[in-house]
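Note sheet for the following structure.
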Amino acid sequence: MDAVDAMAASQEAGVTGEGAGEAAGGGRILVMRMEIPIRWGDMDAMGHVNNTTYFRYMEQIRISWFDALGFAPDPNGEGPVIVNAHCTFQRELVYPGTVLATQYVSDIGRSSWQTWITLSRTDDPRTVYAHGGAKCVWVDYPKRRSAPLPDAAREAIQRPFDPDAVAAPL
C-alpha cells in the first residue's frame, strides 16, 4: 500500500491530517488504543504541550501494551527494548484535553518489529496531532544482545487490538 492508498484508507476510517495514512497502511496491525489525560504540567512557556511530552505519550501507550502482553521487565531474562524513536508534530496539543493514542505494529522479523503511533484528541479523534513510533528489539538482557522472538511473544505482538481482552503473562 503506497502513501496515497494509506491516506485514503485513513480517510475512509474518518482520520485526517498529514500523518494519518502512515499508521493505516503497509500491513500494519492495530494493537492498542488508550486515552491519556493532558496535564497542566505538560505545557511549556509557549502555551502548548512540550515536544518531549509527545514522546512520553508514545512511551506510555507502548509500555501499557507491553504490560498487557505480559512483557514484564526481568533483568535476568529476555524482553523488549527500543533502539530508536521518532515523532512528527502536526498540530499543537493544549490543556485541557485527553489524548487518544493509537498503536500499530508491522515489519515483524527474527528479533525486531516496528511500532507506529498516532496521537489525536478524544474531542477531535479524526485529526492526527502527531505521529511517530519506535523500532523494538527482543533482547537477552544478561547477554545484552538481540535474541529470536519466542513464538508466544511473536503471537502476542501480532494479536489485533481487542478492548475487552485481558492478556495473560507469557
Filter result (closer than 13 Å to ASN51 by Cβ and in a strand (DSSP E or B)) within the range 78-95
ALA85, HIS86, CYS87, THR88, PHE89
Determine which single condition SER146 fails, assuming it passes every other condition in (1) in contact with an Asp or Glu (Cβ under 7 Å, 6 or more places away or on another chain); (2) open to solvent by 50 Å² or more (accessible area, probe 1.4 Å).
(1)
Taking the range 112-158 and the residues there that are assigned to a strand (DSSP E or B) and among the β-branched types (Val, Ile, Thr), the one that is farthest from the chain's Cα centre (by Cα) would be VAL139
Can VAL94 be described as among the β-branched types (Val, Ile, Thr), open to solvent by 80 Å² or more (accessible area, probe 1.4 Å) and in contact (Cβ under 8 Å) with a residue 12 or more places away in the chain?
no
Got a number for residues in the range 34-79 being more than 17 Å from ALA130 (Cα to Cα), touching a residue at least 60 places away in the same chain (Cβ under 8 Å) and surrounded by 16 or more Cβ atoms within 10 Å (Cβ to Cβ)?
5
Condition check: modelled with pLDDT under 95, within 30 Å of ASP164 (Cβ to Cβ) and aromatic (Phe, Trp, Tyr). Does PHE71 satisfy that?
yes
Kindly establish whether LYS135 is among the basic types (Lys, Arg) and exposed (fewer than 15 other Cβ atoms within 10 Å of the Cβ).
no
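The values are calculated or read from the model by the stated rules, or taken from the named source; none is laboratory data. The shown structure was predicted, so the numbers you read here are calculated from the model rather than taken from an experiment. For neighbour counting, all protein chains shown are included, and Cβ atoms are generated from backbone atoms with ideal geometry for every residue, glycine included. The accessibility values were calculated without ligands, DNA or RNA, using every heavy atom of the protein model including side chains. Shrake-Rupley method; radii C 1.70, N 1.55, O 1.52, S 1.80 Å.
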